[in-house]
Structures are given as C-alpha cells and as structure tokens.
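Following: one structure in structure tokens, then a few remarks.
The values are calculated or read from the model by the stated rules, or taken from the named source; none is laboratory data. Note that the structure is predicted; figures quoted are calculated from it, not measured. Cβ placement follows ideal geometry from the backbone for every residue including glycine, while neighbour counts extend to all protein chains displayed.
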Amino acid sequence: MENTNIFYATGKRKSSIAKVWLRPGNGKFIVNNKNMDEYFVQDTVRSMLASPLALVEKTNAFDVKITVLGGGISGQAGAIVLGLARALLLVDSDLRGILKDYGYLTRDSRMKERKKYGKKGARASYQFSKR
C-alpha cells in the first residue's frame, strides 16, 4: 500500500477531538463526510479552519479529511486547527517556526471546571439568607 503521502495528526480543544488526514490534492475540505461549507455554516469558523494552510501558502496543495467528535462548534474548530497545524509539521518540519509564532501549535488547555457538591455549578452558590 502506498500511504507515504498521507499525513495524520490529532488535535484537541475543550472536549472535542479532531483526527486530520492531509493528502496531496486541490484544496478539498471534508469534515465528517460533509463538505466544510455544509458542516460549518459560520464564515468566521470557516476562515479560522483554513488559516494554517493560508499562512504557509498551501491552500490548494492538499485535500483535508477530518473526523471530529465531541463539544460544540468553537471547540471542534479549535481542535481541527491544532490537528491541521500538526499535520503540516509532518509534511514539512521547517514550518514549525511560522506556525508556532502564530500560536497554531499550542494546545489550549482550558477545560470546563467541574461542578462542586453543595453548589449550583462550578462556583455559583445558592442564594444565601441570614434569616
């Protein structure tokens, strides 16, 4: 089997996990077996997804296949961007400096804080009355 020009990487953000495959092609984005425009309807999210490829000027050089699960739209988009940047590193390790300067290789570790017992949420308490 010839899988030498398929590059795979994963990205995580909040509770989303994205599996990203890059293969030489003409710039197709497939997210969960749908076109990117069908899966992500917001323009800001779509431009965010293409930004690592645009930064290294390889927008039409690769076909991108993505499987993403968990979380919401913002978390999934963040996971895809990280996975895409990591896959680009596998293609060409010289891109590391550029991608790192723009923050695409940094895993955003912020997660939802757990709910504590005796409280309404993570920090929100029930209303207190002295009398």
Exactly one of these conditions fails for L105: (1) in contact (Cβ under 8 Å) with a residue 40 or more places away in the chain; (2) surrounded by 16 or more Cβ atoms within 10 Å (Cβ to Cβ); (3) closer than 22 Å to I6 by Cβ. Give me its number. (1)
Looking only at segment 52-75, which residues are in contact with a Phe, Trp or Tyr (Cβ under 8 Å, 6 or more places away or on another chain), in a helix (DSSP H, G or I) and under 15 Å from G11 (Cα atoms)? P52, I73
Please verify whether T4 is β-branched (V, I, T) and either assigned to a helix (DSSP H, G or I) or within 12 Å of A85 (Cα to Cα) (or both), treating the condition exactly as stated. no
When (1) surrounded by fewer than 19 Cβ atoms within 10 Å (Cβ to Cβ); (2) more than 15 Å from the chain's Cα centre (by Cα) are applied to N32, the one that fails is (2)
Among the residues of segment 108-116, are any surrounded by 15 or more Cβ atoms within 10 Å (Cβ to Cβ) and among the hydroxyl-bearing types (S, T, Y)? no
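Listed here are the residues, each with its yes/no results for (1) in contact with an Asp or Glu (Cβ under 8 Å, 6 or more places away or on another chain); (2) surrounded by 13 or more Cβ atoms within 10 Å (Cβ to Cβ).
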position	(1), (2)
T4	no, no
S15	no, yes
P24	yes, no
Y39	no, yes
D43	no, no
G71	no, yes
S74	no, yes
G83	no, yes
R86	no, yes
Within segment 10-50, work out how many residues are without any contact (Cβ under 8 Å) to a residue 60 or more places away in the chain, closer than 21 Å to G97 by Cα and in contact with a helix residue (DSSP H, G or I) (Cβ under 7 Å, 6 or more places away or on another chain). 2
Does V81 satisfy being of a type in the set (A, V, I, L, M, F, W, C), at pLDDT 95 or above, under 14 Å from the mean Cα position of the chain (by Cα) and not in a strand (DSSP E or B)? yes
